[in-house]
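Engineer: Below is the structure I would like to discuss, written out as structure tokens.
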Amino acid sequence: MLTNPGPQKPGFRLSMLINDSRYRSMTIQVVALMGFMLLIAWLINNTIQNLNALGKDVDFSFLGQPASYDINQRLIEYTSRSTHLRASVVGLLNTLLVATMGCVLATVIGVLVGVLRLSKNWLVARLMTVFVEMFRNVPVLLWIVFFMVILIETLPRPRDFRGEDATATMSLWDSVALTNRGIYVPEPLFSNGFGDLSIFGLFDVSLDLFALLAVLGIGIFIARKVRQRALAIQAATGTLPTTWYIRLSLIVVPPVALLTYLGFHLGYPELKGFNFSGGIHMRNSLIALWLALSFYTAAFIAEIVRAGITSVSKGQTEAAYSLGLRPGLTMSLVILPQALRVIIPPLISQFLNLTKNSSLAIAVGYMDVTGTLGGITLNQTGRELETILLLMLCYLFISLSVSAVLNWYNNRVKLVER
């Protein structure tokens, strides 16, 4: 018995890349990508030829030369005899430090101000409006300089802490010194530590800190598993077991035991000579930059939070009230989780803006990656192209990392449609 195989499909032909709608869009994209890559290759080749004509070749060997300049605020060991590469790493770590501190503080202040702007208390709502309008309508550079002036002019000098007729005293049980040269806080020390691990000879990673974070992370992971098991028991039996003390012990006891084994203690700052020594010294330049970027960005985050909250229908609030939830719980458990899908995307842009605005640190003498690699190193070596390219790659890496983390979080909290 013969069967009719039906009409055969025509074979693939090159003309289908243009005439067939199934392949046309892909063809256009490939051609556009090839054209873009050719343009980039032409620009690079033209730049190299022009540099060769001027007697300048692309060379990154200057990174191994001595930097011959000091950096006052640093997270790793550095001297003026260190290389330009190490100076760049110090500047990059300083940028990451102020960016991380700024994002955390700006988020806390921004969420608080955004929520309070919707308060039914007229005075509180108006004060928050003044905060937002005052900080976001003044250039951030002026705020950086303003905070720097306030810290220098209002805080006491180190010599004011000396002698029986001292006019200034240390705070928090004589553990913190607020001076016009910066803030001195206790330094965590370990008498039985594991030491440090050198990464490519550029910076050292504390094994004590790594071990502490590992123990804390494992404790949090196990505590979540205990919580999930308790919820499973509740779903099966209707009774939720009491596990809060177990979860708290898993998070607190192992780190405390590890700190005890490592011989954890605090090194307090002491006035010696004309200045304080010991402890952690946070210079005024770091504090001024941190506060200015945080308050400036918090004003924008507050508006983002307010817009996200108002995007949630009032029926959600009324439903929560009908279940007996108080306004505070309603905001934290019902409104804010739903508003996150509106808040997170523009929040990413604000974090990126804060990170890039940290390049204004040179105005108050804070040596970030722009001040080291794009400032003194560029002026000393004359390698404009190389330093600017490296500087652009640093900010591109930071921005893409922040975007990746927050986009991942955005996918975790977004609403799932049925």
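Engineer: Out of the total accessible area of the chain (probe 1.4 Å, heavy atoms of protein only), what percent is carbon and sulfur? Before the final figure, lay out the partial values.
Structural biologist: Details: 16960 of 25840 Å².
Percent of accessible area from carbon and sulfur atoms in the chain: 66.
Engineer: Highest mean first, how do 393-401, 31-39 rank when packing is the count of other Cβ atoms within 10 Å averaged over residues? Don't skip to the answer; put the middle values down first.
Structural biologist: Details: 393-401: 14.3, 31-39: 10.1.
Averaged packing, sorted descending, gives the order 393-401, 31-39.
Engineer: How about the range 160-268: which chymotrypsin sites (Phe, Trp or Tyr not before Pro) there are in a DSSP loop, with at most 12 other Cβ atoms within 10 Å of their Cβ?
Structural biologist: TRP173, PHE200
Engineer: Right, something else. Between THR129 and ILE150, how high is the FRET efficiency from 1/(1 + (r/R0)^6) when r is the Cβ-Cβ distance and R₀ = 22 Å? Nearest 0.05.
Structural biologist: 0.40
Engineer: Which FRET efficiency, nearest 0.05, do LEU393 and SER68 yield, Cβ-Cβ r, R0 25 Å?
Structural biologist: Values: r = 24 Å, r/R0 = 0.96.
The calculated FRET efficiency here is 0.55.
Engineer: Pick out, in residue order, every one of the GluC sites (Glu not before Pro) in the range 334-418 that is DSSP loop and has at most 10 other C-beta atoms within 10 Å; say none if there are none.
Structural biologist: Passing both the DSSP loop test and the Cβ count: GLU417.
Engineer: At 20 angstrom or more along the helix axis (alpha-carbon based) and mean Kyte-Doolittle of 0.0 or higher, what helices does the chain contain? Whole DSSP H runs only.
Structural biologist: Span-like helices here: 21-53, 84-116, 122-136, 140-154, 207-237, 244-262, 284-310, 336-357, 384-413.
Engineer: Another question, if that's okay. Exactly which GluC sites (Glu not before Pro) in the range 107-189 are in a DSSP loop and have at most 14 other Cβ atoms within 10 Å?
Structural biologist: Taking the range 107-189 and a limit of 14 other Cβ atoms within 10 Å, the loop GluC sites (Glu not before Pro) found are GLU164.
Engineer: Between LEU207 and TYR23, what is the spin-label point distance in nm, taking each point 7 Å from the Cα along the Cα→C-beta axis?
Structural biologist: Spacing of the two 7 Å Cα→Cβ label points: 6.0 nm.
Engineer: Right, another one. Using the heavy atoms of the protein chains alone and a 1.4 angstrom probe, what is the accessible area of the chain per residue in square angstrom?
Structural biologist: On the way: 25840 Å² over 418 residues.
Value for the chain: 62 Å² per residue.
Engineer: May I ask you to compute the full-extension gain from THR79 to SER311, defined as 0.36 nm times their residue separation minus their alpha-carbon distance, rounded to one decimal in nm?
Structural biologist: Length gained, THR79 through SER311: 78.2 nm.
Engineer: Tell me which label goes with the value of Rg and Dmax of the Cα atoms in Å computed from the coordinates here: (1) 28.9, 101; (2) 22.5, 73; (3) 28.6, 116.
Structural biologist: For Rg and Dmax of the Cα atoms in Å, the calculated option is (3).
The values are calculated or read from the model by the stated rules, or taken from the named source; none is laboratory data. Please read all numbers here as calculations on a predicted model, not as lab measurements. Cβ atoms come from the backbone with ideal geometry, glycine included; neighbour counts cover every protein chain shown. To get the accessible areas, we keep the full protein, side chains included, count just its heavy atoms, and leave off ligands, DNA and RNA. Shrake-Rupley method; radii C 1.70, N 1.55, O 1.52, S 1.80 Å.
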